[in-house]
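Okay, so here's the structure we're looking at.
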Amino acid sequence: MKSFPFLAGVGGDLPEMSFCRLGCLFTAGLLMLLRRSKLLLSPSSRAAGHLVCRYFDVIVVGGGHAGTEAAAAAARVGAETLLITQKIKTIGVLSCNPSLGGVGKGHLVREVDALDGLCGRAGDWAGIHFSILNRSKGPAVWGPRAQLDRDRYREFIQSELLSTPRLTVLEGAVEGLLVSEPNPDQPGQIKVTGVRIAGGAQPINAKSVILTTGTFLSGALFMGQTVSQGGRMGDPPSCSGLSHTLRETLGLKIGRLRTGTPPRIVKDTVQLSLTKVCPGDKQPTPFSFLNKETRCKPEEQLPCYLTHTTPGVERVVKEGLHLNAHIQQDTKGPRYCPSIESRVLRFPGREQQVWLEPEGVASDLLYPQGLSMTLPPELQLRLIREIPALKQAEIRTPGYGVQYDFVCPTQLSPSLQVKKAQGLFLAGQINGTTGYEEAAAQGLWAGVSAARAALSLPLLALSRTQSYIGVLIDDLIVQGVTEPYRMFTSRAEFRIVLRSDNADLRLSTRGFEEMGCVSMQRYKEAVRMTDGLRDAMAALESISMSCTKWMEKLGQIHLSKTKSAKLNGLELLEYKDVTFEMLASAFPGCLSAYLEFSKRLKIEGLYRPHYMMQEQEMERVRKDENLSLPQDVDYLTLPISLSMEAREVLDRAKPHTLGAATRLPGITPSAIVHLLNYVRKTDKEREQERVHI
Amino acid sequence: MFLNSIAVWRISSFIRKEFRFNLTKNLCCKGIYDADTIFALSSGHGMCGVAVVRVSGPASALVLQSMAGLSRGLPPPRTAVLRNVTDPRSQELLDRGLVLWFPGPRSFTGEDSAEFHLHGGAAVITGVLQALGSVPGVRPAEAGEFTRRAFHAGKLDLTEVEGLGDLIHAETEAQRRQALRQMEGELSRLYQGWSQRLTRSLAHMEAFIDFSEDELIEEGVLNEVDLSVLQLQREIEGHLQDGRRAERLRSGVQAVIAGATNAGKSSFLNLLCQRPAAIVSPTAGTTRDVVETSLNIGGFPVVLSDTAGLRDTGDSVEMEGVRRAKERVQLADVTLVVVDSTQLPQNYQSVQNFLTDHLRSILPNEDDLTASLQRCLLVLNKRDLLSRRTVDGLQKSISQAEGLPLASLLSCQTGDGLDDFLDVFQDRMRTLCGDPLVGSVSLTQARHRCHLQQCVRALSQYHRYRDVDLALAAEGLRLALTSVGRITGKVGAEQILDIIFRDFCIGK
């Protein structure tokens, strides 16, 4: 093969930059005692400039939240990975809100962290305001959230990527995909073998390609009546070639969605005295299971400011409606992160909340959450000035809307691979989701899957019963999307079990043992935690006595149980005013060794009985999910007894497992049994074939 | 009125106490979630000497202990013992019958199982099924669930499973029709109303959990949910108390006579019940409403309905009759399609096409005409008006026709051919009544009752956790909705989100 001169050209200034950044971070990292596993630029990590390789295991296209997690995860699994992005300096940029986590989304961040992903640690590094949402509503629905410093977040992600072994970063625009005849042993009509780079350079080959193009796939930017091409203001539009390949060469079903971002406001021009000041938590809780504390000290946190819209805002929206091309389009936008225009039109006469969020320690801007808009700039200014605190406010950059293509995600497998195309994986907004956390979660999983495929390891699936990531992927590939998909806790049927506090127990050991994407250090920590909690719970259960005895022993608490019933220590933790510390001080001999787990034990005790109850139902779902359906089946002609309706539904969805099939609308119990029967039969036949070999 | 509300209060406090007691004993898993022990009537419905009720799942031993007076020890495995079967709550004697204990894995399903062999009367069966439904953690089986469990446990070989899908299809179909029949009218509106209120409460709860930190969702939303849940709980408890006055439900196989006007449907009804139950006249459109009569065909209970002739009409009364006729046909276990054989084409070859088209116009075919055809018998009337040669030719061509339901050529005027028809009809009855779900009102009632009891238990979980942990309180509402959903249809996450976004302005 020929060499690639452009590799050297493009990456020329890279090593210098990365060394410099890493240097500062290294010192700071040591000082802050923040655990950073791959801080040193290891000898095996390479910047593009030094590369002579032209064949990779995995190529990731795009450097946003999905792309960075995908590239890092693929490299962790052991694949030689190439990340291609339009501009290296925009890797890890927070394009929209300067925050991470929240209710439901916080669960995703912690799960990504439990699988050794980047965003949790990046959040701990860049956070400048931490809070646990839903604090009063029960630990199962707590939502860890942080305001971020945009610069710090980007720095962390970039330094992390540039120091990841087996990962190379390349600046360039992908123009199209290389395809060839499919491998006949696997399902799929075509095989993706690499990418074509714009500018006439030689193509690059790979066993797996992950597309994380975000809003750049045929992206169009809307402001007032102006429409321009692009996926983010200030960046060049991505090549139309990619969109063409997906549509024409691969024949994928493509839809269109829209989203938007608010104007950024100059902080000095805001009358903060007219707002409600909302400080962060007194004691910040880190996202990452590896971090005991955040980089930002509690007292250094910056506040958020709360204010409200006025009837004047509604008036400006209505007056400007004819100048608002984005709002007039009927492309589907989200119902839960709508522009101020659609909120006002849908619920007129209501006061809306506006959060003014800090953008960073050194930033002079505020981000007005809730004021996403696409009016012409002069009307944007008029609109925000209808809010008393923003009466003299200045806009630094106006808000705008984006419309973009997405690939209907029902065309994907549970590993996020395009069913039709061997070796092609998709993650992030290209799959119809919205949000950094949703993108990161998919990116991580696509990275793990693509690497495993490239290394000829079996592909895995994440179950709905084990993680929010599993819920997210299952919802996407089984139900599809009609509007940008966002995670809520109400989407998870096993909410009591899938909590943000126990993501490490659920995922880290599996991540090491089965998936190969978790480091030894994290694995050891997760095992220590699992064993510690198990021992502590056993110790608690071993202490059992009547309520009266407990009350004598513990003093001040009141137990409303019948006198005769005995309670053990774990059951006692279900009571609101009983803490593990209280029990440990009453029984120091057997419990004080576990004081470091006291917060987690309290939560385990609270949910323990319910956990055991949900186990059975989860087991049933898992059983169905373990029965995989072959992907090369033609349901329309399959010689089993199925109604025409069921055949059409199955043909459209091509479910991967029996569990997914049961969740399809229009599939009856009898259809399921016929499928079950068919699966068992084919499994048996395959087994016999194997025996013959 | 006053007394009534006291009674409601008593039972609700009883249920709450019981629930708390369960929790104390750390057995609450048996209270709500452990819905994994199932029961069903395994023997056929209709006239039978012995009825077999099967139970499978972890609580099977508990069932035997609490219902067959075996609290001191279970009988030896796989050995029949004669026991008094009692209601675990009231200790009322339900029947005296044989009881068997099959500890897993050596049972049909591979799980712990039990069987009750009871006297086959409707009252006994109803009593036992309802009593079973009241045992914590025990619920009626879904269609085919026993077989499916056996399959999962590797207890069935592949040849045995071949027919399973069809069996479950038939069960599901029968259950659906049965449920539809019972869901007509007041009861249906009641259950649907509960389901809707519960869905809304859950949606508001979920909105509060997922969005209240960022949005203007006031704590007041939860107070409304509290009130609504309390009200709902009282109503359902009241309804369960009131169970004995439940709507009298029609029992038996539902057979419906349908066809074009003047085909002789009413004459056919009169012939079958041997009395002039319906008015017969040569004028087309004489029968306008549904005429219903109960019959006993070969020992099987049948509810036979005569319906208005199907034709396009401008008469508003007749139009309503046609609408009712169509509705009946949709809910029927068997449709007897009466055809005037003098209207058949002379050419025997085209008889099949003619009949297929005719059936297509009468039978419901939205989902599956084949399924409707399987539930149908053809009655070719007015045989007396045909020549001998035509009768022979016709008989030959319909016996050779494929894809047509069984057909009988008869005359309502002379009674010729009636015996042949009755043979066919009885045969069909036997098949249908071998299916325990057809016409089994008691099973459906037991099912509803059980789900409503689960719902009430789950609602008390809501109150128990309301001030402790909202996630657990919401879990109670989710469980309650799942229980009611088993009667009225499943409510998915998307529907909950739809309500959230309709009722609240979510912006962040």
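Mind scanning A:Lys419/A:Lys681; A:Lys105/A:Lys207; A:Lys282/A:Lys524 and naming the pairs with a C-alpha gap bigger than 25 Å?
A:Lys105/A:Lys207; A:Lys282/A:Lys524
Decide, for chain A, between rounded, prolate and oblate: order the square roots of the alpha carbon gyration tensor eigenvalues as a ≥ b ≥ c, take rounded if a/c falls under 1.5, and otherwise choose prolate if a/b is larger than b/c, else oblate.
It comes out rounded by the Cα gyration axes.
Shape call for segment B:378-436 from the C-alpha gyration tensor, a ≥ b ≥ c root eigenvalues: rounded (a/c under 1.5), prolate (a/b greater than b/c) or oblate?
oblate
Averaging sequence separations of C-alpha pairs under 8 Å and six or more residues apart, then dividing by the length of segment A:174-247, give the relative contact order as a whole percent.
Worked out over segment A:174-247, it gives 26 percent.
Take every Cα pair under 8 Å in segment A:526-581 that's 6+ residues apart, average their separations, divide by the length, and report that relative contact order as a whole percent.
It comes to 36 percent, rounded to a whole number.
What percent does the relative contact order of chain A come to when contacts are Cα pairs within less than 8 Å and at least six residues apart?
About 15 percent, as a whole number.
Is the shape of segment A:93-179 best called rounded, prolate or oblate, per the rule: a/c under 1.5 gives rounded, else a/b larger than b/c gives prolate, else oblate, with a ≥ b ≥ c the square roots of the Cα gyration tensor eigenvalues?
Prolate, because a/c is 1.5 or more and a/b exceeds b/c.
To the nearest 0.05, how large is the calculated FRET efficiency for A:Glu394 and A:Lys292 if R₀ is 41 Å and r is the Cβ-Cβ distance?
So, using R0 = 41 Å, E works out to roughly 0.50.
Could you compute the net charge surrounding B:Gln426? Neighbours are other residues with a C-beta less than 12 Å from the C-beta of B:Gln426; K and R count +1, D and E count -1.
-2
Using mean Cβ contacts within 10 Å as the protection proxy, how do A:270-278, A:408-416 order, highest first?
Descending packing order for the listed peptides: A:408-416, A:270-278.
Starting with the highest mean, order A:252-264, B:86-98, B:473-485, A:117-129 by the number of other Cβ atoms within 10 Å, averaged over the residues of each peptide.
The peptides rank, most packed first, as A:117-129, B:473-485, A:252-264, B:86-98.
For peptide B:204-213, what's the mean number of Cβ atoms from other chains within 10 Å of each residue's Cβ?
The mean count of partner-chain Cβ atoms within 10 Å per residue comes to 6.
Quick one: which residues, 5+ away or cross-chain, put their amide H under 5 Å from the amide H of A:Gln225? H built at 1.01 Å from N.
Here A:Ala325 satisfy the definition.
Per DSSP H run of at least 4 residues, take -39500 (n - 2.57); add these up for chain A, divide by its residues and hand me the 222 nm value, nearest 500 deg cm²/dmol.
Rounded to the nearest 500, it is -11000 deg cm²/dmol.
Could you pull out every residue, at least 5 positions away or on a different chain, whose amide H is within less than 5 Å of the one on A:Phe406? Hs are placed 1.01 Å off N in the peptide plane, and Pro or chain starts have none.
Distant-sequence amide H within range of A:Phe406: A:Gly255, A:Arg256, A:Leu257.
I'd like the mean, over residues of A:605-617, of how many other protein chain beta carbons sit within 10 Å of each residue's own Cβ.
Taking all residues of A:605-617 together, the mean is 5.
Counting only DSSP beta bridges with both residues in chain A, tell me the antiparallel percent, nearest 5.
Roughly 70 percent of the beta bridges in chain A run antiparallel, per DSSP.
Which entries in A:Lys292/A:Lys602; A:Lys253/A:Lys318; A:Lys89/A:Lys267; A:Lys89/A:Lys654 show an alpha-carbon gap greater than 29 Å?
Pairs exceeding the cut-off: A:Lys253/A:Lys318; A:Lys89/A:Lys654.
Once R0 is set to 60 Å, what does the formula 1/(1 + (r/R0)^6) return for the Cβ-Cβ distance between B:His119 and A:Leu323, expressed as a FRET efficiency to the nearest 0.05?
0.15
May I ask for the net charge around A:Glu300, where only other residues with Cβ less than 15 Å from the Cβ of A:Glu300 are counted and Lys, Arg are +1 while Asp, Glu are -1?
Net of charged neighbours comes to -1.
Only residues of segment B:396-425 count here: report those whose backbone N is under 18 Å from the spot 7 Å along Cα→Cβ of B:Leu369, or say none.
B:401-407
Can you check what the net charge comes to around B:Glu475, using other residues whose Cβ is under 13 Å from the Cβ of B:Glu475 (Lys, Arg +1; Asp, Glu -1)?
Combined, the nearby Lys, Arg, Asp and Glu give +3.
Ranked highest first by average number of other Cβ atoms within 10 Å, how do B:404-416, A:444-456 line up?
Those peptides, ordered most packed to least, come out A:444-456, B:404-416.
All of the numbers you see were taken from the coordinates with simple rules; none came from a lab. Please read these numbers as outputs of a predicted model, since none were measured by experiment. Ideal geometry is used to build each Cβ from the backbone, glycine not excepted, and the neighbour counts take in all protein chains shown.
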